[in-house]
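Below is one structure, written out as structure tokens; comments come after it.
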Amino acid sequence: MLTHRFLLSLFLGVCVQLLPSYAGATTPAETNTRAAKTSFSDWQLYFKKKALKQGISLPVLERAFSQMTPDLPIIKSDENQPEHVRPVWQYLESAISSWRVARGKALLAEHRRTLDAIEKEYSVDRHVLVAIWGLESNFGQQMGDKNIVRSLATLAFQGRRAEFWEQQLIAALRIIQSGDIAPENMRGSWAGAMGQTQFMPTTFLEYAVDFDGDGRRDIWQSPADALASAANYLKRSGWQTEQTWGYEVKLPTLFEYDSADGYQQKTVQDWLNLGVSLRKEKVLSQEELTMRASIFLPAGYRGPAFIQLDNFRSILKYNHATSYALAVGLLANSLQGELFSLHRWPQDEVPLTRTERIELQNLLNQLGLELGKADGIIGANSRKAIREFQLNHDLPADGYPSTRLLEKVREVSNAQ
């Protein structure tokens, strides 16, 4: 007598063959278009066939997709980008709150032995690890309550960036299949970030470790596994032992701001020779003076400046937002007793809205400063175009998209 699982497997195979939308090999673009036009149940048949071919077992698929429906609010979250963003100083004020600093110090003491062992194994500073822990999930208190498999299935079904979301979904199923977590316990953000350190599934497969020795890589319930996994990620991203992430600095009056793009590197000594000075008095060793560094202006020339070292770039590999990497560094410093002040930040500056950022990008493109698609995201190409415009019009070339800059770009555009 045929078993239930064999019947279901046979049914899936027959149904998939009967679906012309998914018959044969498809390009990623075709897959995206077809997935967007079919029903969720049809998409599941297509995906399950694909997952089976990639080694995901039928029992895992049955359990993970049991009675699943799409999570429609997730589609809205993915499609709707916020019009307004918080300025970096407001983000930092929240990220480095007195509560988070106090809680972080308490957890440093509570998990001292575990952190000793992690530092010995990975040579990554414990204060940075606890800072990441605090920013990613409020030390495990806010990990997200979405079913990861359902979230990723919804995003893959949606069709936008379907190939990426399918890759993450396959990875999530591999994690379940390995026995690290049950599908109903695999919870996280609507975008698929999981656990106390908010790893994406593919990141989990590559970097997560079982540090407490219970046979599972459990970044949800085990602080030891979560912190060690973050340490493993940073170590393999180029973390330098016994090196800090950077320093706050004071720039000389005639500083050439176009050199502060976060990419142009000199030794710390070279920057000091150009008149850059540390805000906090510190005697640097010869090794520290020879480290490669760049200047970072998170709020443009009107705000504070920082020297960023290789470890800052390692944090950026964890999360590409420079405001996040800066928050990790400053929170790590605060956990060691260093005070952080917002007094030098240009708090009178109103950040551009998404509509205004898109307008700025369109105008710069029209002026011949090609930066690519106007999407409201001020990345490296946009900052380069802004800096070129500023140099052409005798403005401080800090690459910062301020309201003053937009007004000047409008003025120049209207004059042509």
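The values are calculated or read from the model by the stated rules, or taken from the named source; none is laboratory data. If you're wondering where the values come from, they're calculated on a predicted model, not measured in any experiment. Don't worry about glycine lacking a Cβ; one is built from the backbone with ideal geometry, like all the others, and counts go over all protein chains shown. The protein model used for the area step is the full one, side chains on, heavy atoms only, and it has no ligands, DNA or RNA in it. Shrake-Rupley method; radii C 1.70, N 1.55, O 1.52, S 1.80 Å.
Table for the structure above
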| read-out | value |
| --- | --- |
| The stretch 142-181-the stretch 209-232 distance, computed between alpha-carbon centres (Å) | 20 Å |
| Magnitude of the charge dipole, the stretch 132-224, Cβ model with Lys/Arg +1 and Asp/Glu -1, debye to 20 | 360 debye |
| Counted charge near Asp125, where neighbours are those whose Cβ lies closer than 12 Å (Asp, Glu -1; Lys, Arg +1) | 0 |
| Highest-fluctuation residue, Pro346, Pro298, Pro252 considered, GNM on the chain with Cα pairs under 10 Å | Pro252 |
| Dipole-positive endmost among Met68, Gln90, Leu326 within the chain (Cβ charges, Cα centre) | Met68 |
| Size of electric dipole in the chain: Cβ of Lys, Arg +1 and of Asp, Glu -1, about Cα centre, debye, nearest 20 | 780 debye |
| Whole-Hz couplings from phi, Karplus 6.51/-1.76/1.60, listed for the stretch 228-237; x for Gly and Pro | 5, 5, 5, 5, 4, 4, 5, 4, 7, 9 |
| Protection proxy ranking of 198-210, 158-170 - average other beta-carbon atoms within 10 Å, highest first | 198-210, 158-170 |
| Neighbourhood charge, 10 Å Cβ-Cβ cut-off, centred on Ser402 and excluding it, Lys, Arg +1 and Asp, Glu -1 | 0 |
| The chain: Cα Rg divided by the 2.2 N^0.38 Å rule of thumb | 1.13 |
| Cα→Cβ-extended label distance, 7 Å offset, between Asp258 and Leu289, nm | 3.1 nm |
| Whole-number accessible area per residue in Å² for the stretch 73-158, which is evaluated in the context of all protein chains at 1.4 Å | 48 Å² |
| Subset of Lys120/Lys250; Lys50/Lys317; Lys280/Lys408; Lys373/Lys408; Lys120/Lys146 violating a 28 Å alpha-carbon distance limit | Lys120/Lys250; Lys50/Lys317; Lys280/Lys408; Lys120/Lys146 |
| Peptide ranges 99-106, 188-195 listed from the most packed, as the mean C-beta count within 10 angstrom indicates | 188-195, 99-106 |
| Cα-based Rg of the stretch 232-379 normalised by 2.2 N^0.38 Å, two decimals | 1.14 |
| Separation in nanometres of the label points that stand 7 Å from Cα toward Cβ, at Gln81 and Glu411 | 2.8 nm |
